[in-house]
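Shown next, in C-alpha cells, is the structure this report addresses.
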Amino acid sequence: MGTQRWPKSLHSQGEALLGGIRAIGQKKGAVDRRFIRGIGTWTVYRRDIHRFVEFLQRAGMRDLRQAQRVSGFVRTYIAGRGQTLRDAGGSFQTLEREISALTKLSHALDVYAERHGGESAADIRTVLSEEKAQWRTELAARSGGYTTRAYPDPEGLYAAIPDGGLRLQAKLMGETGCRAEGVGAPARGSNPLTVANLLGMGTDPVSGEAAGRITVQEKGGKHTEHFLKPETYRELEAHIAEHGQLLSPYRTFLRAVEAAARATGQYAPGRGTHGLKHSFAQSRMHEAVESGLSHEEAKQAVAAEIAHNRMDSVDVYLR
C-alpha cells in the first residue's frame, strides 16, 4: 500500500485521503469529477465522513486503506443512521447527503490506490447504492403520514384534476418549482402565461436531456427560467395556441388541487398548491445528486430554480 508515511490515527487518515481529492475553487471540467471543488461541500462532507470514522474506530478498524473491510461496515452504519432518522421523523435527504459523503470517501480511496497502490473501493459504492434504494422507500413511506409537505404521488394528483388548464398548471408547478403566480394563478391581480413565456426547446442543465424552456414572473416581479418535460412543454404550447393564455383564479386552482389530493389520499391541511413546489424540490434534489452534483451543488441548483437566493432555504422544502 505504498511506502509513504501513513498516519496512525483514523481521523488523520481520513484527512489524508480527503486531501487527495481536494480541489477547492477549481472550475468544473478542469479537475476529476471525483474531487471536491466547493468549500461548502467540503465542510459538510468532512463532518459526515468523520462521523463514519468514529463508527469505524469503535468497530476496531485501524487502517482506512483496507477498502474491502470498510465496505463490510458501511451497510451496518447506513442502516443504523436510517433507523435513527426514521425514529426521529427525519428525511431521506439527510441520509442521501451522508451517502454522498461516503461516496466521496470511496473516491478518495480509489485515488489513493491509483497513486500508491491498494484496494479498490468499488464495493463501498455498491453497498451505498443498495442502501440508498432501500432507505429511499423506507423513509419516503413516512410521507403517507404527512411528515413532509410534498405530495407523495404528484403524477397521480395531476391525473385526478379533470380540467385541462388546471391540470396543466399543477404539472407546471410540480415540474418547475414555480409558485402559483408563476403558472398563471396569482392570489392577486393577473399574471397569465402567453406565447411570450415560451422559450423553445433546450437542454436541462441538471439532467443534460432535452427539455422545454419557459420564463415566468413570480413573487415580487422576479423573473426565473425553468425546464419542462418535452411533452409538458408541447401541451403548454398547444393550450396557449388554442386559448391565447394559461390563467385561472387562485382559489379555483387551489380547490382543484385539494380535491385531487383528497381523491388520491394525499390531502393534508396546509399542503395546498405549495406542496407541489416541495415535491419538485425533493425530486429535483435527488435528480441533481444522481447526475453527479455534490449535495451542496445540488442544493444551490435547486435554490436557484425555486427562486430562493440562499442555499439553506432549500432545507425547508427537503423535510
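Remark on residue 211: its backbone amide H falls under 5 Å from those of 202, 203, 204, a criterion applied only to residues 5 or more positions apart or on other chains, H modelled at 1.01 Å from N.
Pairs of Cα atoms under 8 Å, at least six residues apart: use those to get the relative contact order of the chain, whole percent.
On the way: 457 pairs, mean separation 55.3, N = 319.
So the answer I get is 17 percent.
For the set 219/299; 229/277; 27/219; 219/277; 28/299, the pairs lying more than 23 angstrom apart at their alpha carbons are 27/219. Between residue 223 and residue 195, residue separation times 0.36 nm minus the direct Cα-Cα distance comes to 8.5 nm. In the distance distribution for segment 161-268, Cα-Cα pairs more than 19 Å apart total 41 percent.
I'd like to know how segment 43-200 sits against the 2.2 N^0.38 Å rule of thumb: what's its Cα Rg over that expected value? Please list the in-between numbers first.
Working: Rg = 22.1 Å, N = 158, 2.2 N^0.38 = 15.1 Å.
Output field value: 1.46.
The angle separating the long axis of helix 122-140 from the principal Cα axis of greatest extent in the chain is about 40 degrees.
Using the Kirkwood radius over Cα pairs, work out the Stokes-Einstein diffusion coefficient for the chain at 20 °C and 1.002 mPa s, in µm²/s as a whole number.
Values: Rh = 21.4 Å.
In µm²/s, the coefficient rounds to 100.
Straight-line cross-link partners of residue 132 among the aspartates and glutamates, defined as a Cα under 20 Å from its Cα and at least 8 positions apart when in the same chain: 48, 87, 96, 98, 123, 153, 287, 290, 296, 297, 315. Peptides 188-199, 162-173 ordered by packing proxy, namely the average of other Cβ atoms within 10 Å per residue, highest first: 162-173, 188-199.
How big is Rg to Rh over segment 201-259, alpha-carbon atoms, Rh as the Kirkwood inverse-mean-distance radius?
Values: Rg = 13.7 Å, Rh = 13.3 Å.
When Rh is taken as the Kirkwood radius, the ratio is 1.03.
Throughout, read-outs are computed from the coordinates displayed, never taken from laboratory work. Model, not experiment: these values are computed from the prediction. Note: ideal-geometry Cβ built from the backbone for every residue, glycine included; neighbour counts use all protein chains shown.
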